[in-house]
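For reference, the structure discussed in these notes is given below.
The values are calculated or read from the model by the stated rules, or taken from the named source; none is laboratory data. As the structure is a prediction and not an experimental result, all values here were calculated from the model. Every residue, glycine as well, gets a Cβ built from its backbone with ideal geometry; the counts of neighbours run over all protein chains shown. Heads up: the accessible areas ignore ligands, DNA and RNA and are worked out on the full protein's heavy atoms, side chains in. Shrake-Rupley method; radii C 1.70, N 1.55, O 1.52, S 1.80 Å.
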Amino acid sequence: MAITRLPGAARRRVAVLPWLAAFAGLAAILPLAGVVAAALFGETADIALRDIFRYAATSAWLALLVGLATAFLGSLAAWLVVMHRFPGRDLFAWALALPLAVPAFALAYAYADLFDVAGPLRMWLRAGPGFDLPFGMRGLGGAVFVLSCAFYPYVYLAMRAAFLNQSVNVLEAAKMLGCDGWRALYHVALPMARPALAAGVALAVMETLADYGAVQFLSVQTLTTGVVRAWSVYGSTVSAARFALPLLAVAALLLWIERRGRKGRTHEAGNARWRAVQVKPLAGARGLAATGFCLLLLVAGLLLPVGWLLVTGLNTSPDWPRLLLAASHSLGLGIAGALVTVALATMLALGTRRLPMAARIASLGYATPGAVMAIGLLASAGIVWNLLPGSGYVIGIMLLVYAYAARLMAAALEPIDAGLTRVTPSMLHAARMLGRTETGGALAVELPVARGAMFTAGLIVFIDVLKELPATLILRPFNFDTLAVSANNYALDERLEQAGAPSILIILLALPAVIWLTRKIALSRPGS
Amino acid sequence: MSSATLAARGVSRFYAGRHAVAEASLDLRAGRIACLLGPSGCGKSTLLRLIAGLEPVDAGEISIGGVLMSAPGVVTPPEARGVGLVFQDFALFPHLSVADNIGFGLKTLPAEQRRERVAALLARFHLEALAGAWPHTLSGGEQQRVAIARALVRAPSVLLLDEPFSGLDGQLRAAVRTSALTDLRAAGAAVLIVTHDPQEALLMADDLVLMSAGRILQTGRPQDCYLRPVSLAAARLLGEAEDLPARIENGVAHTAFGAVPAPGMADGAGRVMVRPEALGFDPSGAPVEIVDIAFGGSFHSVTLSSQGVIMTARTVAPPPPVGTRTGVSLDPMRTAVYQGE
């Protein structure tokens, strides 16, 4: 049979998706490269190596203790809520994640004030029962307490998902072999959930290392406060970058731990046939103890500090015009950050099949503290400022949004990736068999399927941007205040009652998003 | 016979130095259904993907309607081939309704024509009532009808189906198969169905293609492939087959269970492929002893021993009890003789 050879039959098409993913990955890594470059090739720094070690040691202790505390609190709460029935359990199931709406610095303000030597609680204790608490909140111990209250939800959510994913078959097998509830937790459920535990604790530790507002207020000197201080007090990008360098290394390490955790998770869920766990009722004192524990977490992480901020805030009338302006800035940045970040993360997600490296690079950004990200951008932004003098305000805002995007791209990527698992490779092939190009198929199939996940990702970014402090402090244009910045300014001036209002506003803005997310998580079950 | 709609010549595909498909050649003709049969992992799905253009060929040529589509260094992208593909998991788009799934391939058509075309396919596949339904609410059989309708929407000259019935169970499978067959023939395309189920392949195929370990063993009518397999490997792809040692003398192959004609074959050693239903009880035939009987529902599986050789046969009538010595003969129609050890 004669075969006609058509020279044009095999047009080469440019593969757009991998290029977009490469672009997004590059955007995430650029500020980190800036940090390394500044630290290694910068001029002399004013910071003694000794100081860096001292700050690093504090950071390490803080990370270790918060890691242990969140691991315990988050795991226990998840185990109680998933496997047992007790009064209030259905409410706690999602309410225990609500402290995610509260910025850590707001908790720090409230607790520092409550437990101050001249604060209401200790005044009352001295006057009434006649004794004084032997501790305050300012110091390492206080910081561990505050950050554990703020960050236990990361572990709680990860462990909750892991316990829900565990098949009851395995737990029943354990019971048939003579394990009671607690021994089943220790010998079966916990080891199976270990990857999720590692991932959750890694997130909590990342946030701990990245925190500036809370530890700074509680007078704890960490590497992150060092970064901000080197920049703000000494005006030295190079010194700041040197503080940032160990943080960057730890970020990479934590990322590695978190990735390993994730790998284990898939294998554990796919193993056995999944059946919903049977809930064990906890009656009487044990039920009350479970309720008490969950309530205590919720009180410590949300109700007490937020209540106290409200109470103190009521005594003063806030500077409404300034507050509303700051709120509009926060809201605007949150929305812009969410849009840009989700757009970049979507590029990553769509191209990641062809370019898995890009996603890995982007996740390094997530492990990097915002302050480090900002310093990295600052190091390279000088060039832009010199090229476009007089455009400081616009460039400042753009850099800020860029910093958020570079840091949060991986956080947004995760739900989008998960959403895209609904698109099987054969669906993409089907789109091609039906006349679409590779890019066209991605737009017609993957994008609409991931729409819900993109919204979820946007909310996650929105919440994080609202709470973000150090990067905003460093990169914001002159006199441009967000709610977080204005809360921090009041707190630095020891005007705590004034700092309450912007903190509460952040919580009010973030709360609907957090509730939406946690309800969604609570409703999701494997296989549905 | 009309000339082939699709012609593959000496197509090969290598993965890490090992061939997944080796020098495969086949023709597909308009209005005819070809079945590609082989065990899982034999390369039949890869061959399908090569034809679809989802993978490049490392050697050989594939042309459709006389136009070269694949050759080393030449890959016409799948969207430009005029080939329809029905996936094993159906791959329906979860975010689109049944009607929108079917209309997905008509992006360039004006809305009015698009609606008409979709409506026509919905009617032909009895899916009108489900036009607005979401894919996950459909039964397996319904999903399959949508998948086939969707693959036909661009009127492809070649339609490929990858294990289209494997996701359906038992009774449904037979019913769906019959109705799908009617629809596929009506479509007028050259159809290639990949399957690992010999029954399915025999029942559906106009042309059968047997594949094993990346190579095409035999191509032909189902009867010819079943009754005159080119080799024992080909025979076994289509069902049980006994392999008996034989001695060929004067155009007759002698086995422990009787003789069959072997016209034109040289004297010497040989092998005889015997389908289990080829054996009949015949008191004047070769002497055998019945050593085991199992009841298989529509048949009895009878294990026989003769001159130290064991074989299993199938009979519809109840056989004599175990231990009986009797005679058997072979139906030459259901045996094939091969020369050599």
Query raised in the report: Yes or no: A:Y404 part of a helix (DSSP H, G or I), within 28 Å of A:L473 (Cβ to Cβ), in the same structural domain as A:I29 (by TED's automatic domain parsing) and at pLDDT below 85?
Result: no
Query raised in the report: Looking at the stretch A:468-499, which of its residues are surrounded by fewer than 24 Cβ atoms within 10 Å (Cβ to Cβ) and within 19 Å of the chain's Cα centre (by Cα)?
Result: A:L473, A:V485
Requested in this report: Find the residue count for the stretch A:48-74, including only residues that are surrounded by 19 or more Cβ atoms within 10 Å (Cβ to Cβ) and among the aliphatic types (A, V, I, L, M).
Outcome: 7
Query raised in the report: For the subset of the stretch A:454-467 comprising residues that are open to solvent by 20 Å² or more (accessible area, probe 1.4 Å) and not basic (K, R), which member is farthest from the other protein chains (Cβ to nearest Cβ)?
Result: A:D464
Query raised in the report: Which residues, counting only those in the stretch B:103-141, are more than 10 Å from chain A (Cβ to nearest Cβ), assigned to a helix (DSSP H, G or I), open to solvent by less than 50 Å² (accessible area, probe 1.4 Å) and in contact (Cβ under 8 Å) with a residue 40 or more places away in the chain?
Result: B:P135
Requested in this report: State yes or no: is A:L65 in a helix (DSSP H, G or I), over 15 Å from A:F293 (Cα atoms), over 17 Å from the mean Cα position of the chain (by Cα) and modelled with pLDDT of 95 or more?
Outcome: yes
Requested in this report: Would you mind listing the helices (runs of 4 or more DSSP H) fully within the stretch A:128-228 where at least 3 residues are of a type in the set (A, V, I, L, M, F, W, C), at pLDDT 90 or above and in contact with a Leu (Cβ under 6 Å, 6 or more places away or on another chain)?
Outcome: A:140-165
Query raised in the report: Could you list, in sequence order, the residues of the stretch B:1-51 that are touching a Pro at 6+ places or on another chain (Cβ under 9 Å) and away from every other protein chain (no Cβ under 14 Å)?
Result: B:R13, B:C35, B:L37
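Could you check the stretch A:388-442 and list, in sequence order, the residues that are of a type in the set (F, W, Y) and closer than 15 Å to A:G337 by Cα?
Of the stretch A:388-442, the ones of a type in the set (F, W, Y) are A:393, A:402, A:404.
Once the filter is applied, which keeps residues that are of a type in the set (F, W, Y) and closer than 15 Å to A:G337 by Cα, the stretch A:388-442 yields A:Y402, A:Y404.
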Query - One residue from A:A63, A:A38, A:A110, A:A71 being in contact (Cβ under 8 Å) with a residue 24 or more places away in the chain, of a type in the set (A, V, I, L, M, F, W, C) and not assigned by TED's automatic domain parsing to the domain that holds A:V215 - result: A:A38
Report summary line: Of those in the stretch A:409-427 that are in contact with a Pro (Cβ under 9 Å, 6 or more places away or on another chain) and open to solvent by less than 30 Å² (accessible area, probe 1.4 Å), the residue farthest from A:L32 (Cα to Cα) is A:M427
Query raised in the report: Residue check: is A:A450 more than 14 Å from chain B (Cβ to nearest Cβ), closer than 30 Å to B:P94 by Cα and under 26 Å from the mean Cα position of the chain (by Cα)?
Result: no
Query raised in the report: What number goes with the only condition from (1) in a helix (DSSP H, G or I); (2) assigned by TED's automatic domain parsing to the domain that holds A:S328 that A:G435 does not pass?
Result: (1)
**Report entry** In the stretch B:151-166, the residues that are open to solvent by less than 10 Å² (accessible area, probe 1.4 Å), at pLDDT 90 or above and either more than 13 Å from chain A (Cβ to nearest Cβ) or touching a Phe, Trp or Tyr at 6+ places or on another chain (Cβ under 8 Å) (or both)
**Finding:** B:V153
Report summary line: Of (1) touching an Asp or Glu at 6+ places or on another chain (Cβ under 7 Å); (2) more than 10 Å from every other protein chain (Cβ to nearest Cβ); (3) not hydroxyl-bearing (S, T, Y), A:G435 fails just (2)
**Report entry** Considering residues of the stretch B:52-63 that are over 16 Å from A:G435 (Cα atoms) and facing chain A (nearest Cβ under 8 Å) only, the residue surrounded by the fewest Cβ atoms within 10 Å (Cβ to Cβ)
**Finding:** B:E61
Report task. Go through (1) surrounded by 14 or more Cβ atoms within 10 Å (Cβ to Cβ); (2) under 26 Å from the mean Cα position of the chain (by Cα) and name the single condition A:G139 misses. Result -> (1)
Requested in this report: Select from the stretch A:8-23 the residues that are open to solvent by less than 100 Å² (accessible area, probe 1.4 Å) and at pLDDT below 50 and write down the one among them that is farthest from the other protein chains (Cβ to nearest Cβ).
Outcome: A:G8
Query raised in the report: What about A:W320, is it of a type in the set (F, W, Y), modelled with pLDDT of 85 or more, open to solvent by 50 Å² or more (accessible area, probe 1.4 Å) and assigned by TED's automatic domain parsing to the domain that holds A:Q221?
Result: no
Query raised in the report: Between a first residue in the stretch A:413-430 that is without any contact (Cβ under 8 Å) to a residue 12 or more places away in the chain and a second residue that is open to solvent by 40 Å² or more (accessible area, probe 1.4 Å), which pairs have beta carbons less than 6 Å apart while being 6 or more apart in sequence or on different chains?
Result: A:S426/B:D89
Query raised in the report: Which condition does B:R185 not pass, out of (1) closer than 28 Å to B:A8 by Cα; (2) under 18 Å from the mean Cα position of the chain (by Cα); (3) without any contact (Cβ under 8 Å) to a residue 60 or more places away in the chain, if it passes all the others?
Result: (3)
Report task. Pick out the one residue from A:A406, A:A430, A:A442 that is more than 8 Å from chain B (Cβ to nearest Cβ), open to solvent by less than 10 Å² (accessible area, probe 1.4 Å) and under 30 Å from B:V153 (Cβ atoms). Result -> A:A442
Query raised in the report: Does the stretch A:75-83 include one or more residues that are open to solvent by 50 Å² or more (accessible area, probe 1.4 Å) and over 22 Å from the mean Cα position of the chain (by Cα)?
Result: no
**Report entry** Conditions (1) within 14 Å of chain A (Cβ to nearest Cβ); (2) open to solvent by less than 40 Å² (accessible area, probe 1.4 Å): number failed by B:M204
**Finding:** (1)
Query raised in the report: Out of (1) within 11 Å of chain A (Cβ to nearest Cβ); (2) outside any loop (DSSP other than H, G, I, E, B); (3) not polar (S, T, N, Q), the odd one out for B:L96 is which?
Result: (2)
